[in-house]
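Let me begin by presenting the structure, written as structure tokens, before commenting on it.
The values are calculated or read from the model by the stated rules, or taken from the named source; none is laboratory data. Worth saying up front: this structure is predicted, and the values here are computed from it rather than measured. Here the Cβ positions follow ideal geometry from the backbone for every residue, glycine too, while neighbour counts run over all protein chains shown. Keep in mind that these areas ignore ligands, DNA and RNA; they rest on the heavy atoms of the full protein, side chains included. Shrake-Rupley method; radii C 1.70, N 1.55, O 1.52, S 1.80 Å.
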Amino acid sequence: MNLKLLVEGEEESGSPHFRALVEQHAARLAADTVIVSDTGMWSETTPTVCTGMRGLADCEIELYGPDQDIHSGSFGGAVPNPATTAARLVAALHDADERVTVPGFYDGIVELSERERELFAALPFDEAEWLRTAKSYGTLGEAGLTTLERIWARPTAEVNGIGGGYQGPGGKTIIPSSAQLKLSFRLVAGQDPDRIEQSVRDWVATQVPDGIRHKITFGAATRPCLTPLDHPALQSVVRAMGRAFGRQILFTREGGSGPAADLRDVLGAPVLFLGISVPSDGWHAPNEKVELDLLLKGVETTAYLWGDLAATWRSA
């Protein structure tokens, strides 16, 4: 069993240089399988293996109307308002069932199997506790799906910011010269960020009225990644974790995003996720922590994993 270690330091900024690095060193990085540690478990008492991460595409939309702010009495009702256009774009982004209205957005996505739905349902999910963690007061999302299905296995479109016009104290009767939107799209297996980007560009062009100029800027995209439940290398991870924790291992996915799909695509190797962090570790918080007992369980899992892969993966 030969091991190669790759440390990636740009994940929080979209990994803009990662794929090029992997392509440049593809021969050196060649592997039968890839193990990624940037995931976690359900809880301290419910060890789980993550089988996939969502991808990400994000953009800023700039809308321009008059060359300067103009008087709403003299011109209102007779020229297009970029702030109104921004509001209409936001309103048109979802239908009454909270599905994204961008044409072709759902084309080709990998749907959840009944087995995966059963595995999600087997997790000890407390929606009230989840809402407290989210600092929110109610759930909302695509109709006909559970909360876990929405955040792990379905694509989304979110408004990250909206602005334009006068924002100071008191009133100012103007038609603003510009408005802005920031949108992000979480993507699932079967969706290609480049295709989604073009679909969004085409959709916005149909929504913007004459007299409004617009510019769309996309950031670095992240591709979704999914490992089939029956993949033999995944079964090695499950067996190794089961030996270390002495418990049944359940399955999750991750609603967030990372560069794992670049390793899969460039190296042609399956990507497996092995992480022992838990939600109470306070990811990204100033007092982020790790439980030492779980860290040692992760070390033990890894030791079992190399032996299991060596014994079963190449012969599978």
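Determine the principal axes of the Cα atoms in the range 87-241, then give the extent along each, sorted from largest to smallest and rounded to whole angstroms.
65, 35, 27
What order, most packed first, do the peptides 26-35, 302-311 have when packing is the mean number of other Cβ atoms within 10 Å of each residue? Display every interim value, and only then the final one.
Values: 26-35: 14.5, 302-311: 16.4.
So the peptides 26-35, 302-311, ranked by packing, come out 302-311, 26-35.
Which whole-number value in Å² is the accessible area per residue of the range 154-213, probe 1.4 Å?
I get 49 Å² per residue for this part.
With a cut-off of 8 Å between alpha carbons and a minimum separation of six or more residues, what is the relative contact order of the chain in percent?
Reported as a whole number, the value is 36 percent.
So if the hydrodynamic radius of the range 9-119 is defined as the Kirkwood radius over C-alpha pairs, what does Stokes-Einstein give as its diffusion coefficient at 10 °C and 1.306 mPa s, in µm² per second?
78 µm²/s
Let me have the relative contact order for the range 105-230, percent, based on Cα pairs under 8 Å that are six or more residues apart.
25 percent
First compute the accessible area of the range 169-316 with a 1.4 Å probe, then give the percent of it belonging to carbon and sulfur atoms. Walk me through the intermediate numbers first.
Details: 3760 of 7140 Å².
Using a 1.4 Å probe with all protein chains present, the range 169-316 comes out at 53 percent carbon and sulfur.
Could you pull the Rg and Dmax for the range 99-145, using just the Cα atoms, both in Å?
14.1, 36
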